[in-house]
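The values are calculated or read from the model by the stated rules, or taken from the named source; none is laboratory data. What you are looking at is a predicted structure, and each value in this text was computed from that prediction instead of being measured. Cβ coordinates were reconstructed from backbone atoms using ideal geometry, including for glycine residues, and neighbour counts include every protein chain displayed. For accessibility, only protein heavy atoms count, side chains too; no ligands or nucleic acids. Shrake-Rupley method; radii C 1.70, N 1.55, O 1.52, S 1.80 Å.
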Amino acid sequence: MKKFENIVIATDLDGTYFGTKSYLVERNLERVKYFCENGGHFTFSTGRLPLFIRKPIPNPREHINMPAVLGNGTCIYDFGEDRAIREQFVDSNDVIEIVSFARSIENEIGSRATYARGFVGYNFDNPIVKREYERLPDFMERSYLPLERWGELDLYKTNIVASDECIDRLYPMLKEKYSHKVGVTRSASFMIEIIPIGVTKAAGLERLVKEYFDRPMTLCCVGDYDNDLEMLRLADVSACPSNANDNVKAICKHHLCSNDEGVIGDLIDMLDREIS
């Protein structure tokens, strides 16, 4: 039996597997290759959706060897077959209501919603939305639809973006007002995510592992922000980089090196020592 064959590692991408500004960390690549060659199972559990992964990682199949949990659980995707195994969409009427309410409270907010072929934006005066649109690769669609027409698209999730201070004020209001209708979480200091209710990285990952394997597996999860909390609580082995926020650090058993130093490599080295 290979040493890692009963272990699954699921990692977030931004602030975790990626270094700062979404670059790939060589130490992670080397140690993931070693982990998989020795029977390990490696995948992503991220807020990004398939097209948004392909800019920093043109061929995700070179990195992972099982399906991935994407869009914070809204899409389970098999990059080997290049298809979605399971998809869930947020109700566009809820999105329109929530974005309109948020704008009535904080007029600086911008919003963008993600669908299979790209994303649609709202309030291009917002510098975050403007910057993200300008950075989209050519293979992604940019839809310029008014908010009331977003129902024409199957939306995986919606991100409300603004300054950190604005999001700090808005987040508890949206949680209190809308958590009975949608999932409300944060994936960065400047961003609130709206996803279908009951959909999380943890739920998607738990179902994926049960369906993909015919035996009990040791699940190791790595994350850095609030949208990783449920996944980290689910894990048999929970770990975070040193740059994780305080909420994540409070529940993780293992505090490892920073994302720039190769936190996934750090985790694999730790597992290797424990097994040896």
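Brief remarks follow.
- Per residue, the solvent-accessible area of segment 168-224 (1.4 Å probe, heavy atoms of protein chains only, all protein chains present) comes to 46 Å².
- Its DSSP H runs of at least 4 residues, each contributing -39,500 (n - 2.57), put the calculated 222 nm mean residue ellipticity of the chain at -9500 deg cm²/dmol, to the nearest 500.
- Sorting the segments 137-145, 193-201 by their residues' average number of neighbouring beta-carbon atoms within 10 angstrom, most packed first, yields 193-201, 137-145.
- Bridgeable lysines around Lys210 (alpha carbons under 23 Å apart, same-chain partners fewer than 8 residues away excluded): Lys2, Lys3, Lys201.
- Within the accessible area of segment 144-257, the carbon and sulfur atoms contribute 48%, probe 1.4 Å, all protein chains present.
- Label point distance in nm, Tyr144-Ala116, each placed 7 Å from Cα along Cα→Cβ: 2.6
- Each peptide in 180-188, 96-104, 156-164, 206-214 receives the mean, over its residues, of other Cβ atoms within 10 Å, and ordering these scores from highest gives 156-164, 180-188, 96-104, 206-214.
- Cα→Cβ-extended label distance, 7 Å offset, between Tyr23 and Met1, nm: 4.1
- Extension gain from Asn38 to Phe213, taking 0.36 nm per residue of separation minus the Cα-Cα distance: 61.3 nm
- Around Met231: net Lys/Arg minus Asp/Glu count, Cβ-Cβ under 13 Å: -4
- Computed extension length for Asp272-His254: 5.0 nm, one decimal, from 0.36 nm per residue of separation with the Cα-Cα distance subtracted.
- Protection proxy ranking, highest mean first, for peptides 234-245, 41-52, 116-127: 41-52, 234-245, 116-127, where packing is the per-residue count of other beta-carbon atoms within 10 Å, averaged.
- Summarising the label geometry, the points placed 7 Å from Cα in the beta-carbon direction at Glu108 and Asp125 lie 1.3 nm from one another.
- Shape call, segment 192-276: gyration tensor on alpha carbons, a/c limit 1.5: oblate
- Rg and Dmax of the chain, based on Cα coordinates, read 18.3, 59 Å.
- Counting DSSP beta bridges with both ends in the chain, the antiparallel % (nearest 5): 60
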